[in-house]
1. Return the residue satisfying two criteria in turn: it lies in region 11-41 and is in a helix (DSSP H, G or I) and farther than 25 Å from residue 134 by Cβ, and of such residues it is most open to solvent (accessible area, probe 1.4 Å).
2. Of all the residues that make up region 15-37, how many are of a type in the set (Ser, Thr, Tyr) and more than 19 Å from residue 242 (Cα to Cα)?
3. Please indicate, with yes or no, whether at least one residue in region 42-57 is open to solvent by 30 Å² or more (accessible area, probe 1.4 Å), touching a residue at least 60 places away in the same chain (Cβ under 8 Å) and under 19 Å from residue 135 (Cβ atoms).
4. Is it the case that some residue within region 134-150 is acidic (Asp, Glu), without any contact (Cβ under 8 Å) to a residue 60 or more places away in the chain and not in a helix (DSSP H, G or I)?
5. Filter region 253-270 down to the residues that are touching a residue at least 40 places away in the same chain (Cβ under 8 Å), under 21 Å from residue 20 (Cβ atoms) and out of contact with any strand residue (DSSP E or B) (no Cβ under 7 Å at 6 or more places or on another chain) and list them by number.
6. Within region 186-197, which residues are open to solvent by 10 Å² or more (accessible area, probe 1.4 Å) and closer than 15 Å to residue 224 by Cα?
7. Go through (1) over 30 Å from residue 109 (Cα atoms); (2) open to solvent by 50 Å² or more (accessible area, probe 1.4 Å); (3) of a type in the set (S, T, N, Q) for residue 3 and report which single condition fails.
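The values are calculated or read from the model by the stated rules, or taken from the named source; none is laboratory data. For clarity, every value in this text was computed on a predicted model and none was experimentally measured. Cβ placement follows ideal geometry from the backbone for every residue including glycine, while neighbour counts extend to all protein chains displayed. Just the protein is used for accessible areas: all its heavy atoms, side chains included, with ligands, DNA and RNA removed. Shrake-Rupley method; radii C 1.70, N 1.55, O 1.52, S 1.80 Å.
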Amino acid sequence: MSSIGVGLRKEHYPYLRKGEPVKISWFEAITENYMDTQGRPLEMLEFIRENFPVALHGVSLSILGGTFPDKKYLERWKALIQRIDPFLVSDHLCWTEQSGNYLHDLLPFPFTQEFLKFAVERALQVQEVLGRKILLENVSTYLSFPQSEMTEWEFISELSQKSGCGILLDINNIYVNSINHGFSAHTYLDSIPWENVGQIHLAGHTDTGEFLFDTHSRPVAKEVWDLFSSFAAKIQGIPILLEWDEDIPSFPEMEEEALKAKSLLESVPK
């Protein structure tokens, strides 16, 4: 059975500090929130780590960005890994900065052989510095490139096979992109090398009427749960995380939403 986790959010620090009952199995912490502090956030992360496994999930690696590698960033990241001993380490397959200017978004790129070679080289470089395998996550996007020479799932599959990195498979992002760009989410999930998938993300999105927007501000959509259920047999045994970053509910409410994944997996015929 897959283990179920939720994101560690400051809004829930008081609840968790009180030692209230927790039903989920692990927490995922945003790397950058704990990498540059010696204060309360890091102390809280260490408190959680005493009782639960922790995954570190980054948002600023910018593995395809113009300024790379940021040696200071990689050194601070490695130091946090050594301090917390996470069971998973991940970031996003995207770029977030150019010429040292951070744009605070997870930005797309064309799926070309040139970018694939570029991504493989950088994934290998990061893993060499950290001394461990990383997972890279598919991101939600709102434009596509006519220069692309392959599909998103072909790109991610090749990257994983050639660099040895794992795949953090965000099922909400796949659904969002399938609607925004007009491809089959089932084809995407059928084509992924599941043996390389190290983690699953689930989250809620917003339907703007013109496109789907990955907001992480509401419960997981029925369509995403349906997609999750369709591939439950392949998902069995892979750690699953619920993300919720805006309009964050109480911890018990968020936990209840996350545990829907466990119920769905348990309903799959053995």
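1. Here is the first cut: in region 11-41, the ones in a helix (DSSP H, G or I) are 11-17, 31-35, 40-41.
Restricting the remaining residues to those that are farther than 25 Å from residue 134 by Cβ gives 11-17, 40.
On the way: 11: 94, 12: 8, 13: 14, 14: 75, 15: 56, 16: 12, 17: 99, 40: 147 Å².
The extreme case among them is 40.
2. Filtering region 15-37 for residues of a type in the set (Ser, Thr, Tyr) gives 15, 25, 31, 34, 37.
With more than 19 Å from residue 242 (Cα to Cα) added as a condition, the list becomes 34, 37.
The number of residues fulfilling the criteria is 2.
3. Narrowing region 42-57 to residues open to solvent by 30 Å² or more (accessible area, probe 1.4 Å): 43, 46-47, 49-53.
Now narrow it down to the ones that are touching a residue at least 60 places away in the same chain (Cβ under 8 Å): none.
No, every residue in region 42-57 fails to be open to solvent by 30 Å² or more (accessible area, probe 1.4 Å), touching a residue at least 60 places away in the same chain (Cβ under 8 Å) and under 19 Å from residue 135 (Cβ atoms).
4. First, pick out the residues of region 134-150 that are acidic (Asp, Glu): 137, 149.
Okay, now just the ones that are also without any contact (Cβ under 8 Å) to a residue 60 or more places away in the chain, so 149.
Retained after the next criterion (residues that are not in a helix (DSSP H, G or I)): 149.
Yes.
5. Correct list: 260 only.
6. Scanning region 186-197 gives 186, 187.
7. (2) is the only condition that residue 3 fails.
Per-residue answers, yes or no, for (1) in contact with a His (Cβ under 6 Å, 6 or more places away or on another chain); (2) charged (D, E, K, R); (3) open to solvent by 30 Å² or more (accessible area, probe 1.4 Å):
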position: 220; (1), (2), (3): no, no, no
position: 228; (1), (2), (3): no, no, no
position: 235; (1), (2), (3): no, no, no
position: 239; (1), (2), (3): no, no, no
position: 249; (1), (2), (3): no, no, no
position: 252; (1), (2), (3): no, no, yes
position: 257; (1), (2), (3): no, yes, no
position: 262; (1), (2), (3): no, yes, yes
position: 265; (1), (2), (3): no, no, no
